[in-house]
1. Scan the stretch 92-104 for residues that are without any contact (Cβ under 8 Å) to a residue 60 or more places away in the chain and either in contact with a His (Cβ under 7 Å, 6 or more places away or on another chain) or assigned to a loop (DSSP other than H, G, I, E, B) (or both) and jot them down.
2. So ALA237 ticks every box in (1) in contact with a Lys or Arg (Cβ under 7 Å, 6 or more places away or on another chain); (2) at pLDDT 95 or above but one. Which box is left unticked?
3. What tally of residues in the stretch 1-52 results from selecting those that are within 16 Å of GLN89 (Cα to Cα), at pLDDT below 95 and acidic (Asp, Glu)?
4. Looking at ASN209 and the list (1) loosely packed, with under 15 Cβ neighbours inside 10 Å; (2) closer than 27 Å to TYR75 by Cα; (3) at pLDDT 95 or above, which single condition is not satisfied?
5. What pairs come up if the first residue lies in the stretch 200-221 and is aromatic (Phe, Trp, Tyr), the second is surrounded by fewer than 17 Cβ atoms within 10 Å (Cβ to Cβ) and in a loop (DSSP other than H, G, I, E, B), and their beta carbons are under 8 Å apart, counting only those six or more places apart or on different chains?
6. Just to check your reading of the model, which residue among ARG180, ARG176, ARG192, ARG149 is of a type in the set (Lys, Arg) and crowded, with 18+ Cβ neighbours inside 10 Å?
Amino acid sequence: MIGLQYKRILLKLSGEALMGPRDYGIDQDTVARIAGEIETVRELGAQVSLVVGGGNIFRGLAGASDGLDRASADYMGMLATVMNALALQGALEKRKVDTRVQSAIPMASVCEAYIRRRAMRHMEKGRVVIFAAGTGNPYFTTDTAAALRAAEMECDVLLKGTQVDGVYATDPKQDRNAERFERLTHLEVLQRDLKVMDAAAISLCRENNIPIIIFSIQSEGAFADVIRGEGRCTVIAGS
């Protein structure tokens, strides 16, 4: 693990990260590329876990705004994350990377139920663990689930792979002159109301002293770079 700044990590991926050039669903080429990034980091000696969203298939808030009961819509979104987790597992295992999917909603025929000590043991054995179904409860985002699992797994860092290379004051896709931050504290993110992760996730990381790194999952090699303490990213740490 020479050169690694972080040993045990949790990577949060949005469902949209799996879409690639598509407008909906899962793009297998994109999933295969992300699996390659994860394989590289694992081969460097890091213990890797993931939380994946489901927005490429179904988004709970959108369903609720269309008239669905909020709790039911959120459960549908959780099931979408299981589909994404299984897609990532398939791509990783094609690369001979031993992988386990654990769901917060028990579904024994599909994957393991989430058990903290078992998940930690998998990681210690070098397996990639993918946490699906969010927290298992409605009204909580997968960002919050990522912060919760990072705390439970005693991770050194929570990384969020996004479409951009860090945190900006405004949307860089709409504002070419948007201010970019190299480093922030958890409290600054909350006070500035920066749309990095939801407030519950930021607060949970702050309380447990877990740094957050925002980087572009679209940039080849960026995942490996940031766990070495290199690459273009925004680090959120401290109070």
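1. Once the filter is applied, which keeps residues that are without any contact (Cβ under 8 Å) to a residue 60 or more places away in the chain and either in contact with a His (Cβ under 7 Å, 6 or more places away or on another chain) or assigned to a loop (DSSP other than H, G, I, E, B) (or both), the stretch 92-104 yields LYS96, ASP98, ARG100, ALA104.
2. All conditions are met except number (1).
3. 0
4. Every listed condition holds for ASN209 apart from (2).
5. PHE215/ARG232
6. ARG149
Yes/no matrix, rows are residues, columns are (1) part of a helix (DSSP H, G or I); (2) among the charged types (D, E, K, R); (3) closer than 26 Å to ALA32 by Cβ:
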site	(1), (2), (3)
VAL51	no, no, yes
ALA62	yes, no, no
ALA71	yes, no, no
GLY77	yes, no, yes
ALA85	yes, no, yes
PRO106	no, no, no
HIS122	yes, no, yes
ASN137	no, no, no
ARG149	yes, yes, yes
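The values are calculated or read from the model by the stated rules, or taken from the named source; none is laboratory data. Everything numeric here is computed off the predicted structure, so don't read it as measured data. Every residue, glycine among them, receives a Cβ derived from its backbone with ideal geometry; neighbour counts consider all protein chains shown.
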